[in-house]
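In what follows, a structure is listed as structure tokens, so that the remarks can point back to it.
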Amino acid sequence: MSINTSWFRERLLAKNLSQRKLAKLLGLDPSAVSLSLRGMRELSSDEASRLAAILDVSVTEVLRQAGVRVNDDVRSVEVSFYLNDNSELVELTREERWTELAPSDLPLGGIAAQIRTVGGIFDRCVVFFGAPNADLSNTLDSLCAAQFRDGTKRVGKLSRGYVPNSLSFRTLVREVALINPDIVGASRLFWMKSQ
């Protein structure tokens, strides 16, 4: 299979991105991006995952358009967190962890967490989030897992604030609003599985 250069060109145009700006977002040399988008250099799985987040498409789609044969089967992902009543993601001990089937295009570096809100309608569901990204624009107005500067991780909706260049974050459980939260990275909700 060969790379679909027009597909990548259209996606970059839709996102108002040049190859040079894309290279900066990916942390790559512009020549490496140029070679990759012309099919003369293979994308690493990490690069494909980051590119998918930037283009707001699945990793499977990026790989498919890059000329890689893709198996659309599911894969196993370790559930390593749980979501508590304060919308915080709490790391499970090694003994408490298990694996769940997830879509094969869940980005590498993505996480899985079980919702533990006793009596809540989503109690025991497992949620899958993409890989964390410092570019918060990809997570605006969507449910996401946010990493705060103090090390906590919370699940909620990240939105633009009322004041220019400000943000607000509304937690999933109890809907607490945090104005101008100190978020260093976030990842969009990718998939949810009921138990």
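The values are calculated or read from the model by the stated rules, or taken from the named source; none is laboratory data. Computed from a prediction, not measured in an experiment: that's the story for all the values here. So basically every Cβ, Gly included, is an ideal-geometry build from the backbone, and we count neighbours across all protein chains shown.
At a glance:
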item	result
Counted residues, the stretch 90-120 - those being under 29 Å from Ser44 (Cα atoms) and either touching a residue at least 24 places away in the same chain (Cβ under 8 Å) or in a loop (DSSP other than H, G, I, E, B) (or both)	15
Single residue of the stretch 40-70 satisfying the filter (in contact (Cβ under 8 Å) with a residue 24 or more places away in the chain and among the β-branched types (Val, Ile, Thr)) that is nearest to Ile3 (Cα to Cα)	Val68
From the options Ala145, Ala186, residue that is in a strand (DSSP E or B) and in contact with a Cys (Cβ under 6 Å, 6 or more places away or on another chain)	Ala186
Any chance Arg188 is within 15 Å of Leu89 (Cβ to Cβ) and out of contact with any helix residue (DSSP H, G or I) (no Cβ under 6 Å at 6 or more places or on another chain)	no
Answer residue from the stretch 126-142, given it is at pLDDT 90 or above and assigned to a strand (DSSP E or B) and is farthest from Ser187 (Cα to Cα) among those	Val126
Residue within the stretch 28-39 that is basic (Lys, Arg) and either free of Cβ contacts under 8 Å to residues at least 24 places away in the same chain or buried (at least 18 other Cβ atoms within 10 Å of the Cβ) (or both) present	no
Checklist (1) buried (at least 17 other Cβ atoms within 10 Å of the Cβ); (2) in contact with an Asp or Glu (Cβ under 8 Å, 6 or more places away or on another chain); (3) modelled with pLDDT of 90 or more applied to Val173, failing item	(3)
Unique residue being loosely packed, with under 13 Cβ neighbours inside 10 Å, at pLDDT 90 or above and either hydrophobic (A, V, I, L, M, F, W, C) or more than 30 Å from Met40 (Cβ to Cβ) (or both) when the list is Asp150, Asp123	Asp150
Condition met for Ser6 (assigned to a helix (DSSP H, G or I) and either among the charged types (D, E, K, R) or surrounded by 13 or more Cβ atoms within 10 Å (Cβ to Cβ) (or both))	no
Which numbered condition Ala131 fails, given (1) out of contact with any helix residue (DSSP H, G or I) (no Cβ under 6 Å at 6 or more places or on another chain); (2) closer than 17 Å to Ser49 by Cβ	(1)
For Leu158: the one exception among (1) of a type in the set (A, V, I, L, M, F, W, C); (2) out of contact with any Phe, Trp or Tyr (no Cβ under 7 Å at 6 or more places or on another chain); (3) farther than 26 Å from Ser45 by Cα	(2)
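Quick grid of which residues meet (1) in a helix (DSSP H, G or I); (2) over 22 Å from Glu100 (Cα atoms):
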site: Ala23; (1), (2): yes, yes
site: Leu28; (1), (2): no, yes
site: Asp46; (1), (2): yes, no
site: Arg50; (1), (2): yes, yes
site: Thr60; (1), (2): yes, no
site: Leu63; (1), (2): yes, yes
site: Val68; (1), (2): no, yes
site: Ser76; (1), (2): no, no
